[in-house]
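Asks: Dropping the structure in here first, questions after.
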Amino acid sequence: MVLVAVFGVALLVAVLLSGLAARTVLSTSLLFLLGGALVSDGFLGFVHITADSGIVAVTADLALFAVLFTDGMHVSFPKLRENWKNPARALGLGMPLAMVGMAVITHYLVGLDWTTSFLVGAVLAPTDPVFASAIVGRKEVPAKLRQLLNVESGINDGLALPVVLVLIAAAGPTSSHAEASLGMISLELALGLAFGILLPLAVTALVRFRLLGAEPKLQPLLPLATGIILYGLCHLTHANPYLAAFSAGAVFTAASPEAKAAFEPLGEALAELAKFAALLVFGALLTPQLFGDLSLGGYVAVLLAVVLIRPASLLLSLIGTGFERRQKLVAAWFGPKGFASVVYGLLVLQAGIPQGEQAYTLIAVCIAFSIIAHSSTDVPIARLFHVDEDTAPATKRPEPVGQAL
């Protein structure tokens, strides 16, 4: 119950300071991260959490699922069909380049073998939809740039997962396990996509029956109930829950815009709560011992991962696109690591591979540095695109992010 009380206090402080955070470099996400670290064994010792504690994996998993479900609702298929090339470049070229670049610096600076180095690169290659939402949710940012970051961060988690699982298997005792895992991983991804498409379609079809239908005050619970069923179904069948969550959110938007509109305020609030809870728990893992276990070469690798690998890989992938120079630089910088990498890093730690603990330490410190760097720069970055609202027609309201996409 100590952790619950700490979460309540942190939530109250975050709400009271949220207005200030929206105008300055102060970050509510950073408050939860620091709050978790403060009450952990490394400092005050109020809560005792280790990387193998069940609460760590559960909170990170729930947070990632909730955010991907709500982020999927921001996807507009008509707009995506018109502007699919830029996200495809980021995912098909930028992400593999980031993976390879991280593997190279991990191998030479940290001393991990090539398989484990590529595993670290795969874990840290995805950008996080939680922290990407801090920039794509601001109307000052051009819609084209918001779409790139939103779609990239929403999809790359699912793309990275099979690579992570195969490399974990390859880093283990036998390579035959990796070959056997490939078929299982493909099945899990296919099931996740199928559940994410079929379940929302079935629910929206049920609503259209004459004798069925939700009262207006209960309409927001329709997508919520679907999401809960989907989460349980994926874990019961070992389907990929992240791909299922993102695809289900997108299908809901396309099949039932009214359900999406009713659920959006509740969904955003629930996603924020899940994010804050996971940040608090992850912060509790950031003890002085963890930071002390990382070598000097590891810290250099972390710095390069944040300021060089992601920016360089995305800038290369965006060569020849219609983005302005400033938009390319913003997209290149804003590639935060977060809950997907936390979940995948825990998989690495729990797999028992020879260099798993070293890999996890590097991953955890990199995530912490990324959260600090990116969650404290979203407001200044958004201000680069500040639009004078006085020049806009008085009768026209700002478009929501989902419609702008």
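The values are calculated or read from the model by the stated rules, or taken from the named source; none is laboratory data. Keep in mind that what you see is a predicted model, and the values were worked out from it rather than measured. Every residue, glycine among them, receives a Cβ derived from its backbone with ideal geometry; neighbour counts consider all protein chains shown. Note: accessible area is taken over every heavy atom of the protein model, side chains too, but ligands, DNA and RNA are not part of it. Shrake-Rupley method; radii C 1.70, N 1.55, O 1.52, S 1.80 Å.
Asks: Here are Leu316, Leu279: which of them is open to solvent by 20 Å² or more (accessible area, probe 1.4 Å) and either over 24 Å from Ala171 (Cβ atoms) or charged (D, E, K, R) (or both)? Reasoning before the result, please.
Replies: Numbers: Leu279 fails: open to solvent by 20 Å² or more (accessible area, probe 1.4 Å).
Among Leu316, Leu279, only Leu316 is open to solvent by 20 Å² or more (accessible area, probe 1.4 Å) and either over 24 Å from Ala171 (Cβ atoms) or charged (D, E, K, R) (or both).
Asks: Suppose we filter the range 353-401 for residues that are of a type outside the set (A, V, I, L, M, F, W, C), at pLDDT 80 or above and outside any loop (DSSP other than H, G, I, E, B); how many remain?
Replies: Counting residues in the range 353-401 that are of a type outside the set (A, V, I, L, M, F, W, C), at pLDDT 80 or above and outside any loop (DSSP other than H, G, I, E, B) gives 7.
Asks: In the range 359-376, what residues are of a type outside the set (S, T, N, Q), over 18 Å from Gly121 (Cβ atoms) and open to solvent by 10 Å² or more (accessible area, probe 1.4 Å)?
Replies: Correct list: Ile372, Ala373.
Asks: In the set Ser175, Ser153, Ser181, which member is closer than 25 Å to Phe246 by Cα and at pLDDT below 75?
Replies: Ser181
Asks: Moving on to the next point. Just to be sure before I move on: is Ser133 hydroxyl-bearing (Ser, Thr, Tyr), at pLDDT 75 or above and under 15 Å from Asp378 (Cβ atoms) in the structure I sent?
Replies: No.
Asks: Condition (residue is open to solvent by less than 30 Å² (accessible area, probe 1.4 Å), among the hydroxyl-bearing types (Ser, Thr, Tyr), out of contact with any His (no Cβ under 7 Å at 6 or more places or on another chain) and over 21 Å from Pro142 (Cβ atoms)) applied to the range 321-328: is it met by at least one residue?
Replies: No, the range 321-328 contains no residue that is open to solvent by less than 30 Å² (accessible area, probe 1.4 Å), among the hydroxyl-bearing types (Ser, Thr, Tyr), out of contact with any His (no Cβ under 7 Å at 6 or more places or on another chain) and over 21 Å from Pro142 (Cβ atoms).
Asks: Sticking with this one: Need the failing condition index for Val25 against (1) surrounded by fewer than 20 Cβ atoms within 10 Å (Cβ to Cβ); (2) modelled with pLDDT of 80 or more, just the number.
Replies: (2)
Asks: Right, here's the next one. Ile319 passes all but one of (1) assigned to a loop (DSSP other than H, G, I, E, B); (2) within 19 Å of the chain's Cα centre (by Cα); (3) among the aliphatic types (A, V, I, L, M); which number fails?
Replies: (2)
Asks: If you don't mind, there's one more thing I want to ask. Kindly indicate whether any position in the range 333-349 is modelled with pLDDT of 85 or more, hydrophobic (A, V, I, L, M, F, W, C) and under 16 Å from the mean Cα position of the chain (by Cα).
Replies: Yes, the conditions are met somewhere in the range 333-349.
Asks: Evaluate the range 201-218: report whether one residue or more is open to solvent by 30 Å² or more (accessible area, probe 1.4 Å) and within 20 Å of the chain's Cα centre (by Cα).
Replies: Looking only at the range 201-218, we keep the residues that are open to solvent by 30 Å² or more (accessible area, probe 1.4 Å), and these are 201-202, 205-218.
From what is left, the residues that are within 20 Å of the chain's Cα centre (by Cα) are none.
There is no residue in the range 201-218 that is open to solvent by 30 Å² or more (accessible area, probe 1.4 Å) and within 20 Å of the chain's Cα centre (by Cα).
Asks: May I pose another question? Would it be correct to say that Ser27 is small (Gly, Ala, Ser) and under 25 Å from Val365 (Cβ atoms)?
Replies: So Ser27 fits the description; yes.
Asks: Just wondering, is there one or more residues in the range 305-326 that are touching a residue at least 60 places away in the same chain (Cβ under 8 Å), under 30 Å from Val15 (Cα atoms) and either out of contact with any Asp or Glu (no Cβ under 7 Å at 6 or more places or on another chain) or small (Gly, Ala, Ser) (or both)?
Replies: yes
Asks: Now for a different question. For the range 184-214, give me each residue that is outside any helix (DSSP H, G or I) and modelled with pLDDT of 75 or more.
Replies: Listed by number, the residues that qualify are Arg208, Phe209.
Asks: In the range 329-352, which residue that is in a loop (DSSP other than H, G, I, E, B) and not small (Gly, Ala, Ser) is surrounded by the fewest Cβ atoms within 10 Å (Cβ to Cβ)?
Replies: Checking each candidate, the answer is Phe334.
Asks: Okay, next question. List every residue pair whose Cβ atoms lie under 8 Å apart, where the two residues are 6 or more positions apart in sequence or sit on different chains, the first residue falls within the range 135-152 and is over 16 Å from Phe77 (Cα atoms) and open to solvent by 10 Å² or more (accessible area, probe 1.4 Å), and the second residue, located anywhere, is modelled with pLDDT of 80 or more and assigned to a helix (DSSP H, G or I).
Replies: Note: pairs meeting the criteria are Pro142/Gln327.
Asks: Right, next: Does Phe43 satisfy the condition of being surrounded by 23 or more Cβ atoms within 10 Å (Cβ to Cβ) and at pLDDT 80 or above?
Replies: Details: surrounded by 23 or more Cβ atoms within 10 Å (Cβ to Cβ): no; at pLDDT 80 or above: yes.
In short, no.
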